[in-house]
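Have a look at the structure below before the remarks.
The values are calculated or read from the model by the stated rules, or taken from the named source; none is laboratory data. Nothing here was measured: the structure is a model prediction, and the numbers come from that model. Please note: Cβ atoms are built from the backbone with ideal geometry, for glycine as well, and neighbour counts cover all protein chains shown. The area values use the complete protein model at the heavy-atom level, side chains included, leaving out ligands, DNA and RNA. Shrake-Rupley method; radii C 1.70, N 1.55, O 1.52, S 1.80 Å.
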Amino acid sequence: SAVISQKPSRDICQRGTSLTIQCQVDSQVTMMFWYRQQPGQSLTLIATANQGSEATYESGFVIDKFPISRPNLTFSTLTVSNMSPEDSSIYLCSADRYQETQYFGPGTRLLVL
Amino acid sequence: KQEVTQIPAALSVPEGENLVLNCSFTDSAIYNLQWFRQDPGKGLTSLLLIQSSQREQTSGRLNASLDKSSGRSTLYIAASQPGDSATYLCALRRGGSEKLVFGKGTKLTVNP
């Protein structure tokens, strides 16, 4: 199994600012992902965080808005840039090894005023 | 494009009842399927993972089945308890893809 932690757990931000969310896994994993869950909705994949290279973004998500880093096998960051109230969501990090059980972090609850 | 559907969207049952949650998918070329639970405002907890070659997996009071030919998976919860109240999500991974495709979930309420 893998235990995933995220920081911060929640934040309230002003529009136009940026927030960086950290994701730490307690053991080496092959894949790391970032999801967004808007109120009352299911999960939407933002991007796959690739170690040492640019993330792979899903349709509708761009690097300028959601820059992602993954410097090693156990750590990744997601930045939500130039925030607007529409960015208010739960942001979730997940990870797996070789397409087996995917584990999720506890999420970061973001409110943009 | 793979689509995952979970019906019903919400379910309310009395404590002690056995229940079944449904998950259907359009493309049978799946690699594996995973069931999660999500408590309000929290992350996802993995419950069971079924490989495409398996028919079912069991963990405690939970049993998940997979029928690729009919495009269905079910999550059976025996002797439900109020602590089982949560949203249950199914997600599948297509062969050759690292990504999970999620259903919208079934919100379960178990009444004492």
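Karplus couplings for segment A:23-30 from phi (6.51 cos²θ - 1.76 cosθ + 1.60, θ = phi - 60°), rounded to Hz, Gly and Pro as x?
Computed from phi, the couplings for segment A:23-30 are 10, 10, 9, 7, 8, 5, 10, 8 Hz.
What percent antiparallel are the DSSP beta bridges of the protein assembly as shown, to the nearest 5?
90
If ligands, DNA and RNA are left out, what is the accessible area of B:E3 with a 1.4 Å probe, given in Å² to the nearest 10?
100
Looking at the square roots a ≥ b ≥ c of the eigenvalues of the Cα gyration tensor of segment B:9-49, which shape do they give, rounded for a/c under 1.5, prolate if a/b is larger than b/c, or oblate?
oblate
For B:R61, put the label point 7 Å out on the Cα→Cβ axis and report which residues of segment B:74-100 keep their amide N under 19 Å from it.
B:74-89
For A:I21, what residues show an amide H to amide H distance below 5 Å, using hydrogens built from the backbone and excluding near sequence neighbours?
A:L78, A:T79, A:V80
Summing +1 for each Lys or Arg and -1 for each Asp or Glu, what net charge is found among the other residues whose Cβ lies under 13 Å from the Cβ of B:V4?
+4
In whole Å, what is the distance between the alpha-carbon centres of segment A:31-87 and segment B:46-81?
30
Can you list the lysines whose alpha carbon is less than 17 Å from that of A:K7, not counting same-chain residues fewer than 8 positions off?
The reachable lysines, counting only those whose Cα sits under 17 Å from A:K7, are B:K42.
With just the Cα atoms defining each centre, how far is segment B:16-32 from segment A:93-113? Give it in Å.
22
May I ask you to derive the FRET efficiency for B:K68 and A:S81 from their Cβ-Cβ distance with R0 = 41 Å, giving the value to the nearest 0.05?
Computed FRET efficiency for B:K68 and A:S81 comes out at 0.50.
Which value, in debye to the nearest 20, describes the size of the charge dipole of segment A:37-113 about its Cα centre when Lys and Arg Cβ atoms bear +1, Asp and Glu Cβ atoms bear -1, and nothing else is charged?
In total the dipole reaches around 180 debye.
Solvent-accessible area of B:S52, probe 1.4 Å, all protein chains present, reported in Å² to the nearest ten, please.
B:S52 exposes around 40 Å² with every protein chain in place.
Under the Cβ-under-4.7 Å rule, which cysteines of the protein assembly as shown stay unpaired?
A:C13
About its Cα centre, what dipole magnitude does segment B:15-70 give when the only charges are +1 on Lys and Arg Cβ and -1 on Asp and Glu Cβ, stated in debye to the nearest 20?
160
State whether segment B:37-99 is rounded, prolate or oblate according to the following rule on the C-alpha gyration tensor (a ≥ b ≥ c being the square roots of its eigenvalues): a/c under 1.5 gives rounded; otherwise a/b larger than b/c gives prolate, and the remaining case gives oblate.
Since a/c reaches 1.5 but b/c is at least a/b, the shape of segment B:37-99 is classed as oblate.
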